[in-house]
Every structure is written in structure tokens, then in C-alpha cells.
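Below is one structure, written out as C-alpha cells; comments come after it.
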Amino acid sequence: MKKVLILAGDYTEDYEVMVPYQALMVAGLWVDVACPGKSAGDTIKTAIHDFEGDQTYSEKPGHLFMLNADFSYLKLEQYDGLFLTGGRAPEYLRLNARVLDIVRYFMELKKPVAAICHGVQILTAADAVRGIRLTSYSAVKPEVLAVGGEYVEVLPHEAVISKNLVTSPAWPGNVELLKGFLKLLNVRMDFPDQ
């Protein structure tokens with residue numbers, strides 16, 4: 001059974017942790033969700049971000065999400081892939097040296113990595129996107145370009161695959177992002193054409 005690590009934190013976008021966690025388990029993968037400073041059984045608060053016609057997204061309280069892995073005891077060699085959630089959590093998760101080391105580990109070994117929305121901020125802080133085509137929430141574009149990534153503008157429901165990385169701009173892209181991640185993980189699933 002393949003095993004995936006999801007990194008999340010308080011105010012991770014609700015749909016960007018709940019949906020991947022559940023969908024990857026449905027696909028037959030073992031999924032661990034961890035957060036710096038927290039242990040299995042602890043919870044994180046999620047946030048729901050929506051686009052309601054304002055100049056930026058709105059934020060509302062989400063759910064409590066129970067972690068099932070201890071960040072302090074992660075054994076990276078056990079994982080086949082890494083998933084980086086979005087929301088507000090990446091802005092402070094990228095300040096954690098071990099989080100950056102984890103990202104570099106997966107990117108340097110060319111293991112499958114998925115990042116959605118602001119999760120790309122962790123990749124840019126780890127200097128792990130140089131020469132790679134990727135997308136993110138549009139406000140992260142300057143960071144991608146500043147560290148030598150090739151930013152690709154796509155619709156919110158689309159995803160971009162480049163090398164071992166799949167990215168999408170926001171939670172409407174969960175389906176395409178997860179399809180791409182499963183493809184990189186070499187997990188065969190039959191998907192209907194839509």
C-alpha cells in the first residue's frame with residue numbers, strides 16, 4: 001500500500017485537506033496528516049475561503065480536522081508522496097526549517113508532490129521550483145517567478161503537471177490535482193471523461 005504525507009496547519013483551507021485526505025484513502029492509499037508542533041489526535045482549525053465578488057477571497061470558520069500523525073516522528077522514507085495544503089497555513093509553515101527539509105527531500109528524490117493554492121509558498125521558500133512549470137493562487141505568482149519557477153496561468157479547476165510536481169490554483173481544482181497526483185504515484189484509476 002502506497003503512503004502519502006499531507007502537511008497542514010491551523011487555517012488550512014478546509015477543502016484542501018478534507019477532500020484530498022478522503023479521496024486518497026478511497027483510492028487505496030495510506031494517508032498521514034501532520035502539523036509542526038502537533039501530535040496524532042490533536043486538531044487543526046480549518047478555514048473556508050470563497051470567491052464572492054470582492055477583490056480577494058473571503059474567509060469563514062471551517063471544521064476541526066484531527067491529525068493522525070506525529071510531526072516530530074515522521075520517517076520520510078516511508079512515504080511515496082507529499083501533499084501540501086493551501087489556505088493561510090503555508091505562510092507560517094514555510095518558516096519551519098523541518099518543513100522545508102521535508103519538501104526538499106521529496107523534490108530532490110523526485111517523489112510525487114502535489115501543492116494547491118498557497119501551498120506553493122512552501123515550495124518557493126524551499127527553493128524547490130527553479131525551472132519547473134507550475135501554478136498557484138494568483139497572489140503567489142511573484143514568489144514563483146522570484147525563485148525561478150515558470151508560472152502558468154490556468155483556470156481554478158485545472159492543474160499543471162511538471163516533472164514530479166502537480167499544482168492547482170485553488171480548491172475547485174481538487175479533481176484534476178488529485179488525478180495528476182495519482183498518476184505521478186502510479187496509482188491506476190479509471191476516470192470517466194467529462
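Coordinate-derived values only; no laboratory data. Predicted model only: the values in this text are computed from it and were never measured. Because the Cβ atoms are built from the backbone with ideal geometry, glycine has one as well, and the counts that use them run over all protein chains shown.
Observations on the structure shown:
- Three-way shape call for the stretch 1-84 based on the alpha-carbon gyration tensor, with the a/c threshold at 1.5: prolate
- The phi torsions of the stretch 51-58, fed into the Karplus equation with coefficients 6.51, -1.76 and 1.60 and a -60° offset, translate into couplings of 10, 10, x, 7, 5, 9, 6, 9 Hz, rounded to whole numbers, with Gly and Pro shown as x.
- Derived scalar couplings between HN and Hα for the stretch 126-135 equal 7, 6, 10, 10, 4, x, 10, 7, 7, 10 Hz in order, rounded to whole Hz, by the Karplus curve 6.51 cos²θ - 1.76 cosθ + 1.60 (θ = phi - 60°), x for Gly and Pro.
- Inter-label distance, nm, simple model (7 Å from Cα along the C-beta direction), residue 150/residue 51: 2.5
- For residue 42, residues with placed amide H under 5 Å, excluding near neighbours: 67
- Per-peptide average of other Cβ atoms within 10 Å, ordering 127-137, 143-153 highest first: 127-137, 143-153
- Against the rule of thumb 2.2 N^0.38 Å, how large the Cα Rg of the chain comes out: 0.93
- Compactness index (Cα Rg / 2.2 N^0.38 Å), the stretch 121-172: 1.00
- Long-range amide H partners of residue 6 with built H, under 5 Å: 32, 33, 34, 83
- For residue 62, net neighbour charge (Lys/Arg +1, Asp/Glu -1) across residues whose Cβ lies under 13 Å away: -3
- Dipole of the chain, positive direction: furthest Cα of 170, 27, 117, with charges on the beta-carbon: 27
- Computed [θ] at 222 nm, helices only, for the chain once each DSSP H run of length n ≥ 4 contributes -39500 (n - 2.57): -7500 deg cm²/dmol
- Counting only Cβ charges, +1 for Lys and Arg and -1 for Asp and Glu, the dipole size of the chain around its Cα centre is about 680 debye.
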